[in-house]
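The values are calculated or read from the model by the stated rules, or taken from the named source; none is laboratory data. Predicted model, so just to flag it, every value in this text is computed and none were measured. Here the Cβ is made from the backbone with ideal geometry for all residues, glycine too, and neighbour counts use every protein chain on show. Just so you know, the surface numbers come from the protein's heavy atoms only, side chains and all, with ligands and any DNA or RNA stripped out. Shrake-Rupley method; radii C 1.70, N 1.55, O 1.52, S 1.80 Å.
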Amino acid sequence: MNLGEKIYKLRKEKGLSQEALAELVGTTRQAISKWENNQGYPETEKLLMLSNVFEVSIDFLLKDEKTETGAEEKGYYVSREMAVGYIGNEKKTSKFFGAGCALFALSGIPYIAFNHTPSMGLLLGMSCFILAGIIAIVVSMFVSKDEYKVLKREPLLFDYDFLKGLTTEYLSRKRKYVIVSIVSTVLFIAGLLVLAVTVRGIFPWTDYHVIVFLALAVGIFGVVFSAGVMEAYEILVHNDNHSNSVWFKIKRKVKSKIDKW
C-alpha cells in the first residue's frame, strides 16, 4: 500500500471529503486528489498535518514494511482513536453482561432469606433479581456499538508504533486479568460444589449460604468481565491469529455469500 492509497483509505475511514481534508491541512482539493492518485507528493509540513489528522505516525505513512507483510495484503486500518474506543466499549459491555449473569446467581438469596419455603416474598425476590439480570444483559447489547463490529470481521492493519505500545499495555494488564480470572473461577467452582453437596443433603441449608450465592455472583462477574476485556485486546494485538482461525474464515465466507445475495 503506497502513500496515495493510505491517504485515500484513512480519509474514507475518517469520513472526510477531499474538500474537508484539504481545509484541515491547508491545501486544495486538487492537491489531495493528486496525492491520492500518486501524481504529487505532500511537503513535510503537510505530512505532519496528515499525521495529526489521521492520528498515525509519519513513519506509517511513508514506510510500507512496518505495517504490512506484502504490498497486496488487504485489511482494515485501525486508528489509535478507534482502538482505544473499542477497548473502552468492550469493557462497558462486559460489565453490564457480567452484572446480568451475577444477578441471576444472586436470585438464590431470597430462597435463603425466606427460609426455603414457597411464598410470595420468595417468588417476588427471585423475580426481581432475574428481571434485573435480564435488563442488564439487554443493556449490554445496546451499549455495544455497531461501528466496532468491523474489527471482529476483517483482518486489521495498525500504525507500527501504536501497535508496539498497545502490545506492551496488553502484556502488563494481562497479568492482572489472569489473576482476576483465576480467583473468580475458584470462587465460582467452590460455590457450585457447596450448592451441590447441600442439594444432595450432605450439608443443611443455613443463612451462611447467602455467602455462597455472593461467591457465585462475584465469580461469574469476574470471569465474564476479564474474558471480555482480554478478548478485545487479543483481537487487536494478536489479530493474525484471530483472522487466520477457522471460525473467522467460515464467518467471512458466509458473510460474502450473504452480501452477494
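Summary of computed values
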| read-out | value |
| --- | --- |
| Net charge dipole size for the chain [Lys, Arg +1 and Asp, Glu -1 on Cβ; Debye, nearest 20] | 740 |
| Length added when fully stretched, Val143-Leu193, from 0.36 nm per residue minus Cα-Cα | 14.6 nm |
| Positive-end residue, the chain charge dipole about Cα centroid, Cβ charges, pick of Trp205, Asn38, Thr185 | Trp205 |
| Rounded to the nearest 10 Å², the accessible area of Lys12 at probe 1.4 Å | 110 |
| For the chain, calculated [θ]222 nm from helices alone, where every DSSP H run of n ≥ 4 adds -39500 (n - 2.57) | -24000 deg cm²/dmol |
| Modelled FRET efficiency - R0 41 Å, Tyr76 with Thr185, Cβ distances, 0.05 increments | 0.75 |
| Fluctuation leader among Pro42, Pro155, Pro204 - the chain, Gaussian network, Cα springs under 10 angstrom | Pro204 |
| Extension gain from Leu62 to Glu169, taking 0.36 nm per residue of separation minus the Cα-Cα distance | 36.0 nm |
| Peptide ranges 122-130, 102-110 listed from the most packed, as the mean C-beta count within 10 angstrom indicates | 102-110, 122-130 |
| Extension gain, Phe203 back to Leu24 (0.36 nm per residue minus Cα-Cα distance, nm) | 57.3 nm |
| Sites Lys12 and Ala227 - FRET efficiency at Förster radius 22 Å, r taken between beta-carbons, to 0.05 | 0.10 |
| At R0 = 30 Å, FRET efficiency that the Cβ-Cβ distance of Glu234 and Ile130 yields, to 0.05 | 0.40 |
| Percent RCO, i.e. relative contact order, over the chain, from Cα pairs under 8 Å lying at least 6 residues apart | 22 |
| Helical segments meeting 27 Å axial Cα length and Kyte-Doolittle 0.5 threshold in the chain (DSSP H) | 120-143, 160-199, 209-237 |
| Dipole in debye (nearest 20) - region 7-55, about Cα centre, beta carbon charges: Lys, Arg +1; Asp, Glu -1 | 180 |
| Dipole-positive endmost among Ile130, Val150, Val223 within the chain (Cβ charges, Cα centre) | Ile130 |
| Placed amide H near Tyr76: partners under 5 Å, 5+ positions off or other chain | Leu156, Leu157 |
| Rounded to the nearest 20 debye, dipole of region 122-261 from Cβ charges on Lys, Arg, Asp, Glu | 560 |
